Each structure stands twice: as C-alpha cells, then as structure tokens.
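These notes concern the structure reproduced below.
The values are calculated or read from the model by the stated rules, or taken from the named source; none is laboratory data. In this text, all values refer to a predicted model and were calculated from it rather than measured experimentally. Reconstructed Cβ throughout: ideal geometry from the backbone, glycine too, with neighbour counts over all protein chains shown. Just so you know, the surface numbers come from the protein's heavy atoms only, side chains and all, with ligands and any DNA or RNA stripped out. Shrake-Rupley method; radii C 1.70, N 1.55, O 1.52, S 1.80 Å.
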Amino acid sequence: TGGHTTEILRLLNCLSESYSPRHYVLADSDKMSEAKIHSFEQKRTETYSKSQFTLDRIPRSREVRQSWISSVVTTLYSMLYSLPLTYKRKPDLILCNGPGTCVPVCLSAFLLGLLRIKRTIIVYVESICRVETLSLSGKILYYFSDYFIVQWPDLKKKYPKSVYLGRIV
Amino acid sequence: FRFKDSLAEDLQSADLVISHAGAGSCLETLEKGKPLIVVINDKLMDNHQLELAKQLHKDGYVLYCNCSTLVETLQSMDLSALKPFPPGQPEKFASFLDKVLGLQ
C-alpha cells in the first residue's frame, strides 16, 4: 500500500542489479502500488538496460484495525495464495517493510525453509513511521526474520536483536 | 483540489506547509526543505502517526499543534528555529544487505 510502497522502492533504488529478478507481491485491493512499481522499474532500465521483474497479487491479509482473531483467519486465507506463490518463485531473499501482505509471504517462506524445500533470507525493515512501537507485522516478524531493521534508536533498545542503521529512507 | 496525483509542484512553490501528521506528507515536505507545521487531530488520530510527528518535533524539524491552537501557532511561530532535515541514507541499507548476502 501507498506509504509502504514508497519506502520500499527507495530502498530498492540503492540495490545493485545482483538483486534480480525482482518479484513484487501486492494485496489484491491495492490500486496505487502497481503504477509506482512500473514507474520504478522503467526508470531502472535507464541505468541497467534490462529489468526483470514480476508482479503478483494475493488477498489482503488484514484491514486497518481488524480484530486479532479475524486477522488470523484472513491471514491464513492469504497463505493459501502466498504459499504456492512462494514455492513457485523460491526467492533467495525476501525484503519487506510492514504492510499486512508481507506476513503471509514471509510465513510461507519460513515454512518452506522448515520443510527444507527452500531456504530464503527474510529481511524486514520497519517503517520510518515507527519510532517507539513496532507495527503488528513487525511484532510478528521480529521472530521469523533473519534480519530485522529499525530506523530509530528507541526501537533498537526495545528489540535488541534488531539492526539499527539510522534513517534509511 | 481533491485528489491530485502528486503535490510535488505545489510543495515546490510553497513557503510554508501546514499538514496532518501522515508520514508521507511530513517527509516529502521536509525533504523539499519547506517549513512545516504538523496539525494533530486528537480525535481521528491513530497513535502511531503521532510517534513520527512527535519525534520530528523533538528533533527540531517541525512545529506542531492541534486544530484549536493552529491560529496561535501561526501568530507566534519562529520558522528560523527549525533545523534542516538531513536525508535518509539508503546506501547504508544497500551496504548492509550486500555484506550479509556475501555480495561485496
């Protein structure tokens, strides 16, 4: 969704072409991100000639302020889509920054890792908006990610296993 | 004026921006080097939006008030006391990732 997409594209912008092909996963209800992604990838071809990327959609895992219990159900439903997708793409790296959509994707990758089907490195970057508290996605993925990056020092203190690099977007 | 694709042009020509506490609005404004007053709506506010606005204010980058104190803030503000907002450093992220993936 909007803010998350803008932040993640800023992060992607600095990555070399080793990070290719890129597979974007969006929530089905997201209307704005696709255009931003195309625009980003288009711009990238100015520097790197070819740009390889795919774009897939899965059901949105949670609405803002949706209750805990129903969120578990909707997230499991999204996993019915994210699991075969992650199995198909078998990514070496997952990079995400907190929209609900990242939870089923990361959990799917984590599961495929446990089942020894594909070991994916999961890197989570908490949004710059999160200064003192983690988002719900962050609270969950703190335990499932390989690297958990925060952008403010208070969070580093509260979540000692996190990585603090300062403000990166 | 309801929904433009981008406010970039308007931002560029503005001398002062008064905005809600959405992260995108705040950061975009600060990155363009425009003075910013963030207005918090206590009733609608999602607490997490408040975190960033508070921190930006604490660090001296923005002024902040609520709907009822906006006029007073406009009358007594000293925009020269606002500090310039340093850009984020995504290159640090790229270096970090290259290193952990063994790409360096």
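Legend: mean number of C-beta atoms from other chains within 10 angstrom of residue C-beta atoms, peptide B:94-100, equals 6.
Inter-chain Cβ neighbour count for A:6-13, averaged per residue, equals 3 (cutoff 10 Å, partner chain atoms only). The long axis of helix B:47-58 is offset from the longest Cα principal axis of chain B by roughly 90 degrees.
A simple packing score, the average count of other Cβ atoms within 10 Å per residue, orders the peptides A:121-133, B:48-60 as A:121-133, B:48-60, with the highest score first. In this structure, the amide hydrogen of A:R57, modeled 1.01 Å from its nitrogen in the peptide plane, lies closer than 5 angstrom to those of A:L26, counting only residues at least 5 positions away or on a different chain. Share of carbon and sulfur in the accessible area of the protein assembly as shown stands at 56%, probe radius 1.4 Å. On a per residue basis, the convex hull of the C-alpha atoms belonging to chain A measures out at 112 Å³. Tell me the GluC sites (Glu not before Pro) within region A:4-64 that lie in a loop according to DSSP and have at most 15 other beta-carbon atoms within 10 Å. Answer by residue number: A:E17, A:E63.
Per residue, the convex hull spanned by the Cα atoms of region A:103-168 measures out at 76 cubic angstrom. The value for chain B of Rg(Cα) / (2.2 N^0.38 Å) is 1.28.
Inside 10 Å of the C-beta atoms of B:82-91, what's the mean count of C-beta atoms belonging to other chains?
Values: counts 0, 0, 0, 1, 2, 2, 10, 6, 11, 4.
Mean partner-chain Cβ count within 10 Å for B:82-91: 4.
Here each label is just a point 7 Å from Cα along the line to Cβ, and for A:Y142 and A:D56 those points are 2.9 nm apart. Peptides A:161-169, B:65-73 ordered by packing proxy, namely the average of other Cβ atoms within 10 Å per residue, highest first: A:161-169, B:65-73. Computed 3J(HN,Hα) for region A:140-156, one whole-Hz value per residue from the Karplus formula 6.51 cos²θ - 1.76 cosθ + 1.60 where θ = phi - 60°, is 6, 6, 4, 8, 10, 9, 7, 9, 10, 9, 10, 10, 9, x, 4, 6, 4, glycine and proline marked x. Here the Karplus curve 6.51 cos²θ - 1.76 cosθ + 1.60, taken at θ = phi - 60°, turns the phi angles of region B:29-40 into couplings of 5, 5, 5, 7, x, 9, x, 10, 10, 9, 9, 9 Hz, with x standing for Gly and Pro.
Of all lysines in the structure, the ones whose alpha carbon falls short of 27 Å from that of B:K83, not counting any fewer than 8 places away in one chain, are A:K156, A:K157, B:K32, B:K34, B:K54, B:K58, B:K92.
Distant-in-sequence amide contacts of A:I122, defined by a placed amide H-H separation under 5 Å and a gap of 5 or more residues or a different chain, comprise A:I94, A:D146, A:Y147. When its C-alpha radius of gyration is set against 2.2 N^0.38 Å (N residues), region A:58-120 gives a value of 1.10. Peptides A:109-118, A:140-149, A:65-74, ordered by how many other C-beta atoms sit within 10 Å of their residues on average, highest first, read A:140-149, A:109-118, A:65-74. Near A:S71, once Lys and Arg are set to +1 and Asp and Glu to -1 for all other residues with Cβ below 13 Å from its Cβ, the sum equals +3.
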